[in-house]
Amino acid sequence: MDFSFTEEEEAFRKEVHDWIKKETPQRWFELDPLFWEETDESWAISREFQQKLGRKGWLAPAYPKQYGGSGMSHMKRLILAEELGYNKAPVGIEMEVAVNWVGPDLLLFGSEEQKQKYALGIAKGDLVICLGYSEPNAGSDLASLQTTAVQEDDEYVINGNKIWTSYAHYADYCWLAARTDPNAPRKYDGISMFVVDMKTPGITIHPLINLMNRHSFNEVFFDNVRIPKENLVGKKNNGWYELMIALDSERSGIGYAATFQRILEELVEYAKERKCHKDPIIRQKLAEMAVEIEVSRMMCYRIAWMFSRDLHPSYESSMSMVFTSELLRRLADVGMDIAGPYGQLERDSKWAVLQGRIERLCLNCLSIGVGGGSNEIQRNIIAQRGLGLPRK
Amino acid sequence: MDIGLSEEQEILKTAARDFLTKECPKKLVKELDESDKGYSLELWRKMAELGWMGLVFPEEYDGGGGTFLDLVVLLGEMGYNILPGPFFPTIVLGGLPILKAGSEEQKRKFLPRIARGELILTMALTEPSASYDASSITVKASPRNGNYSINGTKLFVTDANVADYLLCVARTKETANPKTGITIFVVDAKNPGIKCTLLKTLARDKQNEVVFDNVSVPKESILGDVDQGWPVIQDTLEKAAVAKCAEMVGGAQAALEMAVNYAKERIQFNRPIGTFQAVQHYCANMVADVDGARYITYKAAWELNEGLPATKSVAIAKAWVGDAYQRVTILGHQIFGGIGFTMDHDMHLYYRRAKAGAMAFGNSNFHREVVAKELGL
């Protein structure tokens, strides 16, 4: 048993830390965007940063080298994720989705041409790919999606609409799940995956304003959108299984514990500023956060360690996501406790503290644990797949 | 980074699981719980033959040369099968402090006999003030005729009623700093001035009131240096907290498995209750508690084993695991429904131990305060 990192790994951590510090523009800290708070300006910064990461092979380090990865070990990937999180690096939801959900699917099921064009583009940070999964009537029950893709000679014709499509308004492509066989006996068996050029005629993007009062996600309408049949990824009607494998493998959010560690440190400093750090209740709450962040970190380490031993997590990733997401809500709460009424103040209000971060965190934390697989679904997965409890 | 057990540890774990499953059935646990003695001599001897008592002591003292991590693995299995008896205090509160602070003579006197299962030890530390601070030590040891005379009351002393020796933590000097002036004495329990009264506790663990009435002990019984005992106690408390976490992790794992197995079998509304989402979600919450507890304990144990500063990790582990074990057993009771609220059933054996374990060596509030200090608050 050994909870330490090797000398080489520690050196890598320092290298990453220094690089992030050097490459993050000061303006990023002034903007201080949390997830869902992208503006055109913050988007531009994070895109540039991700391209720099991509050139180092650090944007999608798990991908094979010929597709823009760096053959990085699992432990180093953990370290990289931790440093990106802890140092508030300019990475956004788009990196998470493209690198961790879309790319792996392409690498597993795509043609060589598709891998070269899209997976490599993701890894270099050149391509923005949004996720066409959820629909107004297909959230947790994603398999009941209704967007259709009908083959007509050399094309597929797409009709339908997607919702919660983050950064569709910035995206080059959409990674689309559509129904190719409405007559399949099981809803899971009639779905296929496609790459759709967002400039294709017939696509309309309608902004949705999120709880952070920002335009981050969208409703996307497909009205007789024609795409080449080569844009089918993998096998026709095999899309559900392709999608599930990707959702499984990277649900871990292994850098989040480090992100929360940073938040906690800032709250500790703030508590001292507010002179409530001797209050026994505040001490207990901050200590409990330190305890839970450490537990969250252990869950992340365990996943990285399992992968490094070629053990495939079954429920461990879901468990980590559930725990981490609910921890963030508690952390936001503790922030409010410390800030008192100041915690209510929005960023640009007179008397606002910490750039309104606490107020923003309280809103922001409502999405984690819902998006990307709600905690209810995750708990079902833990119980059924992890503990063998019966479905019916 | 390797957060798994070594091959030898896996072997130890499996062997201990098999042995205790066979030799320590719940029927025996319940009998021992209701007895005053609290352990089976026959089982104790078998454990000694397996080398369990000697596990963490160096081979030169007839031990197995194992590490603190090995002990954590073994304690996990003892917690899984809720083995009653004085193994914990003998090794963790007796043997380990002697190993750390004893003179060569003391180590030769006690450790081989501990390793062979010939001695039971415990530590008389807490007093009626029920705190783990140095200032809580008021039992006095005064020099008298070249010896020391110990007077005062210790409380919540585990297995004092069966111990051969008590490590009595007493105050030998009043100073401005309560952490100095504390001395550890290895006291023969047969001393006529010692009176043990068994307390009746929730977990049926044999905690005692121990009254010291002019108990005369020779200078040679001092462990380490006079007035310098508190650092040894602090070290002991850190190891004891993590050792207790190890037991609790094992117990929580067992409680989880019992509840999940029941959820698969118990039929209501024509289906196993494990198909209901509420029950599935309880189980999902339990496994997060158990897995979190396991790795947070391993981390603290590893740091202690490496001799790294471990105060923060120990406090984090103890704060978490105590709360986690309680949450798991409460949900366990919820899943078992009515049948779980009977003495005949087994879940309460774990619940009681969760409560006691959470309390031992500082409860979660105590350890959170340690974490707060470590955060610089």
Check: Which ones in the range B:64-121 are under 17 Å from B:ALA15 (Cα atoms) and among the charged types (D, E, K, R)?
Finding: B:ASP70, B:GLU77
Notebook entry, point to check: Can you name the condition, by its number, that B:LYS318 falls short on among (1) more than 16 Å from the chain's Cα centre (by Cα); (2) under 20 Å from A:LEU286 (Cα atoms)?
Noted result: (1)
Check: B:THR311: among the hydroxyl-bearing types (Ser, Thr, Tyr), within 7 Å of chain A (Cβ to nearest Cβ) and either in contact with a strand residue (DSSP E or B) (Cβ under 7 Å, 6 or more places away or on another chain) or more than 24 Å from B:ILE82 (Cα to Cα) (or both), yes or no?
Finding: no
Next item on the list: Inspect the range B:166-186 for any residue being at negative phi, in a loop (DSSP other than H, G, I, E, B) and in contact with a Phe, Trp or Tyr (Cβ under 6 Å, 6 or more places away or on another chain) and give the result as yes or no.
Entry: yes
Margin query: Just to be sure before I move on: is A:GLY343 touching an Asp or Glu at 6+ places or on another chain (Cβ under 8 Å) and among the small types (Gly, Ala, Ser) in the structure I sent?
Written below: yes
Item checked: Considering residues of the range A:122-177 that are under 18 Å from A:ASP189 (Cβ atoms) and among the aromatic types (Phe, Trp, Tyr) only, the residue nearest to the chain's Cα centre (by Cα) -> A:TYR133
Item checked: Filter result for B:THR21 (assigned to a helix (DSSP H, G or I) and either at pLDDT below 95 or away from every other protein chain (no Cβ under 14 Å) (or both)) -> yes
Notebook entry, point to check: Could you say which residue among B:GLY76, B:GLY63 is of a type outside the set (Lys, Arg) and either more than 14 Å from B:ALA243 (Cβ to Cβ) or modelled with pLDDT under 95 (or both)?
Noted result: B:GLY63
Note to self: For the range A:58-71, check the following and say yes or no: at least one residue is charged (D, E, K, R) and buried (at least 16 other Cβ atoms within 10 Å of the Cβ).
What the structure shows: no
Next item on the list: Count, please, the residues in the range B:121-157 that happen to be surrounded by fewer than 22 Cβ atoms within 10 Å (Cβ to Cβ), not basic (Lys, Arg) and not in a loop (DSSP other than H, G, I, E, B).
Entry: 12
Notebook entry, point to check: Across the range A:103-127, what is the number of residues that are closer than 18 Å to A:SER46 by Cα and surrounded by fewer than 23 Cβ atoms within 10 Å (Cβ to Cβ)?
Noted result: 4
Next item on the list: Give B:THR122, B:THR138, B:THR153, B:THR158 a once-over and let me know the one that is closer than 18 Å to B:THR180 by Cα and at pLDDT 95 or above.
Entry: B:THR138
Notebook entry, point to check: Does the range A:235-256 contain any residue that is surrounded by fewer than 22 Cβ atoms within 10 Å (Cβ to Cβ), on the phi > 0 side of the Ramachandran plot, touching a Gly at 6+ places or on another chain (Cβ under 9 Å) and not acidic (Asp, Glu)?
Noted result: yes
Next item on the list: Answer with yes or no whether B:VAL328 is within 24 Å of A:ARG391 (Cα to Cα), within 9 Å of chain A (Cβ to nearest Cβ) and in contact (Cβ under 8 Å) with a residue 24 or more places away in the chain.
Entry: no
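Every residue, every condition in (1) among the charged types (D, E, K, R); (2) facing chain B (nearest Cβ under 8 Å), yes or no:
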{"site": "A:ALA271", "(1), (2)": "no, yes"}
{"site": "A:ARG274", "(1), (2)": "yes, no"}
{"site": "A:ASP279", "(1), (2)": "yes, no"}
{"site": "A:GLU294", "(1), (2)": "yes, yes"}
{"site": "A:MET306", "(1), (2)": "no, no"}
{"site": "A:SER317", "(1), (2)": "no, no"}
{"site": "A:VAL322", "(1), (2)": "no, yes"}
Next item on the list: Report whether or not A:SER70 is modelled with pLDDT of 95 or more and small (Gly, Ala, Ser).
Entry: no
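Quick grid of which residues meet (1) surrounded by fewer than 18 Cβ atoms within 10 Å (Cβ to Cβ); (2) in contact with a strand residue (DSSP E or B) (Cβ under 9 Å, 6 or more places away or on another chain); (3) in a helix (DSSP H, G or I):
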{"site": "B:LEU12", "(1), (2), (3)": "no, no, yes"}
{"site": "B:LYS30", "(1), (2), (3)": "yes, no, yes"}
{"site": "B:TYR39", "(1), (2), (3)": "no, no, no"}
{"site": "B:LYS46", "(1), (2), (3)": "yes, no, yes"}
{"site": "B:LEU74", "(1), (2), (3)": "no, no, yes"}
{"site": "B:PRO89", "(1), (2), (3)": "no, yes, yes"}
Next item on the list: Determine which single condition B:PHE212 fails, assuming it passes every other condition in (1) aromatic (Phe, Trp, Tyr); (2) free of Cβ contacts under 8 Å to residues at least 60 places away in the same chain; (3) buried (at least 24 other Cβ atoms within 10 Å of the Cβ).
Entry: (2)
Check: How do the helices (runs of 4 or more DSSP H) wholly within the range A:1-85 filter down when requiring 2 or more residues that are within 14 Å of chain B (Cβ to nearest Cβ): which remain?
Finding: A:7-23
Next item on the list: Return the only residue of B:ILE273, B:ILE335, B:ILE267 being crowded, with 19+ Cβ neighbours inside 10 Å, over 30 Å from B:LEU32 (Cα atoms), among the aliphatic types (A, V, I, L, M) and modelled with pLDDT of 95 or more.
Entry: B:ILE273
Next item on the list: Would you be able to say whether some residue in the range B:298-306 is closer than 16 Å to B:GLU247 by Cβ and away from chain A (no Cβ under 11 Å)?
Entry: yes
Check: If you take the residues of the range B:159-178 that are under 18 Å from B:GLN234 (Cα atoms) and of a type outside the set (D, E, K, R), which of them is surrounded by the most Cβ atoms within 10 Å (Cβ to Cβ)?
Finding: B:LEU166
Next item on the list: State all residues of the range B:48-60 that are in a loop (DSSP other than H, G, I, E, B) and among the aliphatic types (A, V, I, L, M); if no residue qualifies, say none.
Entry: B:LEU50, B:MET53, B:LEU55, B:VAL56
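Condition check ((1) in contact (Cβ under 8 Å) with a residue 24 or more places away in the chain; (2) within 14 Å of chain A (Cβ to nearest Cβ); (3) under 21 Å from B:LEU121 (Cβ atoms)) across all residues:
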| site | (1), (2), (3) |
| --- | --- |
| B:ILE11 | no, no, no |
| B:VAL56 | yes, no, yes |
| B:ILE82 | yes, no, no |
| B:PHE88 | yes, no, yes |
| B:LYS107 | yes, no, yes |
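The values are calculated or read from the model by the stated rules, or taken from the named source; none is laboratory data. Predicted, not measured: the structure shown is a model, and the values here were computed from it. With ideal geometry, Cβ positions are generated from the backbone for all residues, glycine too; neighbour counts draw on all protein chains shown.
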